[in-house]
Amino acid sequence: MNLGQALAVCLYELTRTAAAAKPEKRPGAAAGDLDRFTGLLTEILAQSGYVHSTGADAKIRRLVRRLDLSAHDAEVWLGMFRQIQWKLSRDRE
């Protein structure tokens, strides 16, 4: 077997092994976490002046549900939004 053939076989085996390995599925966020996420996002958008309409709550809720966030990702986003909210409230004072 020459070097080119050996390389082709090695690359084939590597791609076959990589294709078989699937990333682990993280558990989805609980409904309570998504409600907190939606509430905080709505508050921040209202504080920033982005949301003015009365039907915006339902639109934001649907948007958040379509994100299909994992529990870990929801906590990370909540932390980021809390920091933004803290900064917005501090700048208003």
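Reported count of residues in the range 69-93, each being outside any helix (DSSP H, G or I), out of contact with any Pro (no Cβ under 7 Å at 6 or more places or on another chain) and surrounded by 10 or more Cβ atoms within 10 Å (Cβ to Cβ), is 1. Please find, within the range 15-34, the residue that is surrounded by the fewest Cβ atoms within 10 Å (Cβ to Cβ) out of those that are hydrophobic (A, V, I, L, M, F, W, C) and at pLDDT 80 or above. Ranking the qualifying residues of the range 15-34, first place goes to A31.
Would you say L41 is at pLDDT 90 or above, more than 23 Å from R92 (Cα to Cα) and either surrounded by 15 or more Cβ atoms within 10 Å (Cβ to Cβ) or touching a His at 6+ places or on another chain (Cβ under 6 Å) (or both)?
For L41, the condition - at pLDDT 90 or above, more than 23 Å from R92 (Cα to Cα) and either surrounded by 15 or more Cβ atoms within 10 Å (Cβ to Cβ) or touching a His at 6+ places or on another chain (Cβ under 6 Å) (or both) - is not met.
The values are calculated or read from the model by the stated rules, or taken from the named source; none is laboratory data. What you see is a predicted model, and the numbers here were worked out from it, not measured in a lab. In this analysis, Cβ positions are derived from the backbone assuming ideal geometry, glycine residues included, and neighbour counts consider all displayed protein chains.
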